[in-house]
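Reviewing the structure listed below.
The values are calculated or read from the model by the stated rules, or taken from the named source; none is laboratory data. Just so it is clear, the model here is predicted, and its values are computed rather than measured. All Cβ positions, even for glycine, are placed from backbone atoms using ideal geometry, and neighbour counts span all protein chains on display.
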Amino acid sequence: MSAPSTERTVSAAFTAAAWVVVVLVGAIVVFLVALGAPAVGRAGWSFFTVSSWFPDATPARYGIVALVFGTVASSVLALVIALPVALGVALFCVELAPQRTGRWVGYLTDLLAAVPSVVFGLWGVVFLVPALAPVERMIDRAVGFVPLLHSTSGTYGRSIFAAGVVLAVMILPIVAAISREVFRQAPRSHREAAQALGATRWEVIRLAVLPYGRSGIVGAAMLGLGRALGETIAVALVLSATFTVDWHLLEPGGNTIAANIATKFGEAGEHGRQALVASGLVLFAITFVVNAAARAVVRRPRGQR
């Protein structure tokens, strides 16, 4: 086979592979819309305003307000917890640790990504939730005047806060891995210029490394957020599922879209399954927006960052 024909064959194979991905995404969207649209039409605008979940009852009453709140609250909390730790690990591996030590710390951090989510869920419900109870009580006593960090019932356990901590551990390797690669791309000339001006190691990081990787850090954070939004089993095991919008994150209860689908699908009737698919469509839209925003930030020209 001649070189031009080989090049055409390889190009056609790559193009076909790309179109396979496009077709798969399109098929998922068509499936979600086809099965979820009847549930949205049946509920009307109450699908976006009601927090209860009784799609198979008569009369049916269901909506995604509580599910969206729990999904976004636990994921944002996870990002707030994980981002500083991930950046610290990335900076330690790239800027502070000896090369051998930094490489091994990076390997161990990446190993967290290989742990199945069900293992994180079991660890969370058996070990983390009881261990967090005194921590949550201490937080409540110290800053309980902030509604988000106060428990009105005085009980602590399987809360959105606990789910956020589990999710933070799960997204940590993603954010840390991307941040490490971003920091490694910082030009050596920037570091050397800062050192030549008498900058300390921290000043080199603050003036030469962090500004260069700002958009990469934002992209890593958004990708981690997208991962947290779609987590299912770990959250389903940790949360004590309720369908209420409670701004007190230490209060036991809460639910997410993905966890609700996992726990309710087997027992749901025809209308219930359509409602679950409709909620999955909403989750798909949220994660698509988050990941698209991350890609837009990462791909922005460096002069506009």
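What to note about this one:
- Filter result (surrounded by fewer than 18 Cβ atoms within 10 Å (Cβ to Cβ) and touching a residue at least 24 places away in the same chain (Cβ under 8 Å)) within segment 96-114: 96, 110, 111, 112, 113
- Per the listing 176, 208, 194, 131, the residue uniquely within 19 Å of the chain's Cα centre (by Cα) and in a helix (DSSP H, G or I) is 176.
Here is a yes/no grid of residues against (1) closer than 24 Å to residue 72 by Cα; (2) among the hydroxyl-bearing types (Ser, Thr, Tyr); (3) modelled with pLDDT of 90 or more; (4) touching a helix residue (DSSP H, G or I) at 6+ places or on another chain (Cβ under 6 Å):
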position	(1), (2), (3), (4)
143	yes, no, no, yes
159	yes, yes, no, no
167	yes, no, yes, yes
175	yes, no, yes, yes
212	no, yes, no, no
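- Test: residue in segment 2-16 that is surrounded by fewer than 19 Cβ atoms within 10 Å (Cβ to Cβ), among the β-branched types (Val, Ile, Thr) and closer than 30 Å to residue 223 by Cβ: yes
Let's see how each residue does on (1) farther than 12 Å from residue 91 by Cα; (2) loosely packed, with under 14 Cβ neighbours inside 10 Å; (3) of a type in the set (A, V, I, L, M, F, W, C):
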site	(1), (2), (3)
165	yes, no, yes
168	yes, no, yes
177	no, no, yes
183	no, no, yes
199	yes, no, yes
215	yes, no, no
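- Selection of first residues in segment 184-209 that are touching a residue at least 24 places away in the same chain (Cβ under 8 Å) and of second residues that are not in a helix (DSSP H, G or I), restricted to Cβ pairs under 7 Å at least 6 apart or on distinct chains, gives the following pairs, ordered by first then second residue: 186/212; 186/213; 209/186.
- Residue that is surrounded by the fewest Cβ atoms within 10 Å (Cβ to Cβ), among those in segment 52-90 that are aromatic (Phe, Trp, Tyr) and at pLDDT below 90: 54
- Selection from segment 152-173 of residues that are in a helix (DSSP H, G or I) and among the aromatic types (Phe, Trp, Tyr): 161
- One residue from 11, 5, 74, 46 being under 30 Å from residue 176 (Cβ atoms), assigned to a helix (DSSP H, G or I) and of a type in the set (S, T, N, Q): 74
To keep it simple, each residue is scored yes or no on (1) over 27 Å from residue 262 (Cβ atoms); (2) among the aliphatic types (A, V, I, L, M).
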site: 7; (1), (2): yes, no
site: 23; (1), (2): no, yes
site: 28; (1), (2): no, yes
site: 42; (1), (2): no, no
site: 49; (1), (2): no, no
site: 57; (1), (2): no, yes
site: 61; (1), (2): no, no
site: 67; (1), (2): no, yes
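- Cβ-Cβ under 7 Å pairs, at least 6 apart or on other chains, segment 120-139 side surrounded by fewer than 19 Cβ atoms within 10 Å (Cβ to Cβ), far side not hydrophobic (A, V, I, L, M, F, W, C): 133/156; 133/157; 137/156
- Of the residues making up segment 265-294, those that are surrounded by fewer than 20 Cβ atoms within 10 Å (Cβ to Cβ), modelled with pLDDT under 90 and either closer than 21 Å to residue 240 by Cα or among the small types (Gly, Ala, Ser) (or both) are 265, 266, 267, 268, 269, 292, 293.
- Exclusive hit being free of Cβ contacts under 8 Å to residues at least 60 places away in the same chain, surrounded by fewer than 17 Cβ atoms within 10 Å (Cβ to Cβ) and either more than 25 Å from residue 241 (Cβ to Cβ) or more than 22 Å from the chain's Cα centre (by Cα) (or both), set 29, 22: 22
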